[in-house]
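Written out below as C-alpha cells is the structure these notes cover.
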Amino acid sequence: MKLTLEAINQAIAVLFFVCYAYQFVYIPVALLRRRKRLPAAAPHRFAVLIAARNEETVIGDLLDSLHAQDYDMSLITVFVIADNCTDRTAAIASEKGAVVYTRQNKQAVGKGYALEALLAHIKSDYPDGYDAYLVFDADNLLAPDFLTRMNESFSAGNEIITCYRNSKNYGSNWISAGYALWFLRESRFLNGAREALGSSCAVSGTGFLFSQKILNECGGWPFHLLVEDIEFSIHNILSGHRIAICQDAVIYDEQPTDFAQSCRQRLRWSRGYLQVFGRYGSGLLRGAARGNWSCVDMSMMPAIVLTSISLLDSIALAVLGILKGTGVLPALLSLGGALLSMYLMLFAIGLITTITEWHKINASISRKVLSVFTFPIFMFTYIPISFAALFIKVEWKPIRHSITVKDLSKG
C-alpha cells in the first residue's frame with residue numbers, strides 16, 4: 001500500500017510536469033515578442049456593458065474614467081444594469097449619463113444572467129446594434145487611451161479581444177498583491193505568449209470586447225456557469241474563433257483584501273472551472289486530438305486539482321505510517337519536498353513577473369519585493385479551496401468593492 005501511494009505521488013508529479021512545463025516556455029516567448037503598435041484606425045460604435053450589484057461606492061469612478069477617454073465618445077453608449085441592487089447604483093449611473101436598466105431576480109443570480117438581461121434590453125431598444133461590445137466590472141478604471149487601443153485591435157480584424165489587467169490596490173496587502181501578480185502574469189506571460197504564437201488567449205473576467213458578429217453567433221449571452229468568462233472563451237475557441245489580446249489597452253481593477261471573501265470568490269472560481277471542464281471537456285479533448293493547440297492549452301486549467309491529490313496522497317501516506325508504526329517521517333519528507341518545489345516554482349514566476357512589470361505595478365518598493373515571497377503562499381491557499389470545490393455546492397455571491405481611486409494610468 002505504501003509503495004502504491006508513493007507511486008501515485010510520483011506519477012502525479014510527472015503528469016504535472018508534462019502538462020504544465022510548456023508554460024515556462026511561454027516566458028521567453030513573451031519576453032522575446034516584438035509588439036508593433038497598430039496603426040490609427042477609423043473609430044467604431046461601441047456599447048459598454050456594466051453589470052453592477054450594489055456598487056454605489058465605485059461605479060462613479062469607472063464612468064468618469066470612461067468619459068475621460070481620448071476616443072470620440074459620441075460613438076460610445078454606456079449601459080448599466082443594476083442587478084438586484086438595494087443602494088444608489090442605478091441613480092449614480094444615470095446621473096453620470098449611462099443608460100440604466102434594473103433587474104430583480106433572486107433565482108437566476110450572477111453576472112452571466114445580468115449580462116443576458118442587459119443584452120436583451122439593448123436588442124429590443126437599440127435594434128441596429130453596435131459594431132462591438134465592451135464588458136467592464138463596476139470597480140474598474142481605464143487608462144485614458146483604452147478605447148483607442150481596443151479600437152485599433154478590433155480594426156485589425158480581431159473579433160474578441162482581452163486586455164492587460166492591472167490592479168488599483170496591489171499594495172493593500174498580501175492577498176490583493178497575490179491576485180494582482182497572478183493577473184499581471186496572465187496578461188504578459190500567458191496571453192502575451194499565446195498572441196505571439198498565433199494561439200488563442202482567454203478572456204479574464206473584465207475589460208474584454210466582442211463583435212456584433214460574435215454576439216449574433218452566440219445568440220445573446222447564454223453563459224451562466226460560475227466562471228462565465230472562461231465559459232465564453234472556451235465556447236468561442238471550440239467554435240473556431242481566436243481570442244486576441246491588446247496589451248496596450250490597460251484596465252485597473254480592485255482585488256479582495258479580506259481572506260474570507262477571497263476564499264468565497266476562489267471557491268466559486270474553482271467550482272466554476274470544474275463546471276466548465278465538465279461541459280466542454282470532451283470538446284477540448286477532441287480538439288486537442290486534432291492538433292488544436294488552443295484546445296490543449298485550455299484543457300490544462302485544473303492544475304490545482306493534481307496538486308490537491310498529491311498532497312492528499314502524502315497525508316494518506318503519513319496516516320498509513322502511523323497505523324503501521326513506521327512513523328510519519330517519510331510522508332513528511334515527501335510532503336515537504338513537494339511544497340518546497342511548488343514554492344520555488346511559484347517564487348520564480350512571481351519574481352520574473354515583478355521584474356518585467358515593475359514600472360506598471362502601483363505599489364511601494366517594499367510591497368513589490370515582499371509580494372514575491374508571499375505570492376507562493378497565496379497560491380498555496382488554493383489547495384484546500386480547490387479540494388472543497390469538489391464537494392461543496394457553490395453559489396454566486398457579489399464581491400464588495402470600496403476603494404475609490406481617480407487615476408492610476410501614470411502608476
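The values are calculated or read from the model by the stated rules, or taken from the named source; none is laboratory data. The shown structure was predicted, so the numbers you read here are calculated from the model rather than taken from an experiment. Methodologically, a virtual Cβ is constructed for each residue, glycine included, from the backbone with ideal geometry; neighbour enumeration extends over all protein chains shown. For accessibility, only protein heavy atoms count, side chains too; no ligands or nucleic acids. Shrake-Rupley method; radii C 1.70, N 1.55, O 1.52, S 1.80 Å.
Before moving on, here are some points about what is shown:
- Residue list for the stretch 22-55, filter: among the small types (Gly, Ala, Ser) and over 20 Å from the mean Cα position of the chain (by Cα): ALA40, ALA41, ALA42, ALA47
Conditions (1) touching a residue at least 60 places away in the same chain (Cβ under 8 Å); (2) under 24 Å from VAL78 (Cα atoms), marked per residue:
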site	(1), (2)
LEU142	yes, yes
TRP182	yes, no
LEU197	yes, no
ASN216	no, yes
ASN236	yes, no
ILE251	yes, yes
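- Test: residue in the stretch 70-88 that is touching a residue at least 24 places away in the same chain (Cβ under 8 Å), of a type in the set (Asp, Glu) and open to solvent by less than 10 Å² (accessible area, probe 1.4 Å): yes
- Scanning the stretch 37-89 for residues that are within 27 Å of ASN105 (Cβ to Cβ) and in a loop (DSSP other than H, G, I, E, B) yields a count of 11.
- Filter result (in a loop (DSSP other than H, G, I, E, B) and either within 13 Å of PHE210 (Cβ to Cβ) or under 12 Å from the mean Cα position of the chain (by Cα) (or both)) within the stretch 223-238: PHE223, VAL227
- The listed residue being within 24 Å of ILE245 (Cβ to Cβ) and of a type in the set (A, V, I, L, M), out of MET150, MET73: MET150
- Looking across the stretch 137-196 at every residue that is farther than 19 Å from ALA363 by Cα and part of a loop (DSSP other than H, G, I, E, B), the one that is least open to solvent (accessible area, probe 1.4 Å) is identified as ALA138.
- Which numbered condition ALA114 misses (of (1) of a type in the set (A, V, I, L, M, F, W, C); (2) open to solvent by 40 Å² or more (accessible area, probe 1.4 Å); (3) within 21 Å of the chain's Cα centre (by Cα)): (2)
- In the stretch 97-112, the residues that are within 16 Å of TYR126 (Cβ to Cβ) and of a type in the set (Val, Ile, Thr) form Cβ pairs under 8 Å with partners that are open to solvent by 40 Å² or more (accessible area, probe 1.4 Å) and not in a loop (DSSP other than H, G, I, E, B), at six or more places apart or across chains, as follows: VAL100/SER94.
Okay, residues lined up against (1) of a type in the set (Ser, Thr, Tyr); (2) over 21 Å from ILE355 (Cβ atoms); (3) more than 13 Å from the chain's Cα centre (by Cα):
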| position | (1), (2), (3) |
| --- | --- |
| ILE160 | no, yes, yes |
| CYS163 | no, yes, no |
| SER167 | yes, no, no |
| SER176 | yes, no, yes |
| LEU184 | no, no, no |
| LEU190 | no, no, no |
| LEU197 | no, yes, yes |
| LEU209 | no, yes, yes |
| LEU215 | no, yes, yes |
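Table: residues versus (1) among the small types (Gly, Ala, Ser); (2) at pLDDT below 95; (3) within 18 Å of LEU49 (Cβ to Cβ).
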residue: LEU215; (1), (2), (3): no, no, yes
residue: TRP221; (1), (2), (3): no, no, yes
residue: ILE237; (1), (2), (3): no, no, no
residue: ALA249; (1), (2), (3): yes, no, yes
residue: TYR252; (1), (2), (3): no, no, no
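- Flag if GLU228 is among the acidic types (Asp, Glu) and open to solvent by less than 30 Å² (accessible area, probe 1.4 Å): yes
- When ALA93 is tested against (1) among the hydrophobic types (A, V, I, L, M, F, W, C); (2) assigned to a loop (DSSP other than H, G, I, E, B); (3) in contact (Cβ under 8 Å) with a residue 40 or more places away in the chain, exactly one condition is not met: (2).
- Selection from the stretch 239-270 of residues that are open to solvent by less than 70 Å² (accessible area, probe 1.4 Å) and part of a helix (DSSP H, G or I): ALA260, GLN261, SER262, CYS263, GLN265, ARG266, LEU267, ARG268, TRP269, SER270
- Number of residues in the stretch 197-225 that are basic (Lys, Arg) and open to solvent by less than 20 Å² (accessible area, probe 1.4 Å) equals 0.
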